[in-house]
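For reference, the structure is listed below as structure tokens.
The values are calculated or read from the model by the stated rules, or taken from the named source; none is laboratory data. Since the model is a prediction, treat every value here as computed from it, not as a measurement. As a convention, Cβ positions derive from the backbone with ideal geometry for all residues, glycine included, and neighbour counts pool all protein chains shown. Please note that ligands, DNA and RNA were not included when accessible areas were found on the heavy atoms of the full protein model with its side chains. Shrake-Rupley method; radii C 1.70, N 1.55, O 1.52, S 1.80 Å.
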Amino acid sequence: MGAEIALVQAFAGYEVCLLDRDEAALDRAVTRLSTLVDKGVARGFYEADAGKDALARIKPTLDMGEFANCSLVTEAVFEDAEVKAAIL
């Protein structure tokens, strides 16, 4: 869900950092977003250039320090109170 939230924000024109627990999870998220964009273009929801630009605005990272200068952070950790507390 977090990756899809990042995509919506990127389509709105924002530069987005996308954090996940490991490189494999980030790769899966980026692949999923690319697939979603391709489907959206095929269905005429948006132009190919808009999808390409949105994907380019998403910076996958494993470093939570990337969020230090962000003016808005959206938390989308799975529903586990201990994990959420550790992240926040």
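Worth pointing out:
- Projected label distance in nm at K52 and I5, using a 7 Å step from Cα toward the beta-carbon: 3.0
- Farthest towards the positive end of the charge dipole of the chain, among the residues V41, F78, Q9, is the Cα of V41, using unit charges on the Cβ of Lys, Arg, Asp and Glu.
- In this calculation the C-beta distance from R28 to E79 is compared with R0 = 25 Å, giving a FRET efficiency of 0.80.
- In this Cβ point-charge picture (+1 for Lys and Arg, -1 for Asp and Glu), segment 28-84 has a dipole of about 280 debye about its Cα centre.
- Percent carbon-and-sulfur accessible area, the chain, ignoring ligands, DNA and RNA, probe 1.4 Å: 55
- Annotation: peptides 12-23, 65-76, ranked by per-residue average of other Cβ atoms within 10 Å with the highest first, follow the order 12-23, 65-76.
- Under 12 Å of direct C-alpha separation, and excluding same-chain neighbours fewer than eight residues apart, K39 reaches these aspartates and glutamates: E47.
- Accessible surface for the chain, divided over its residues, is 70 Å² per residue with a 1.4 Å probe.
- Screening the chain for whole DSSP H helices of 18 Å or more along their axis (Cα) with average Kyte-Doolittle hydropathy at least -0.5 returns 23-42.
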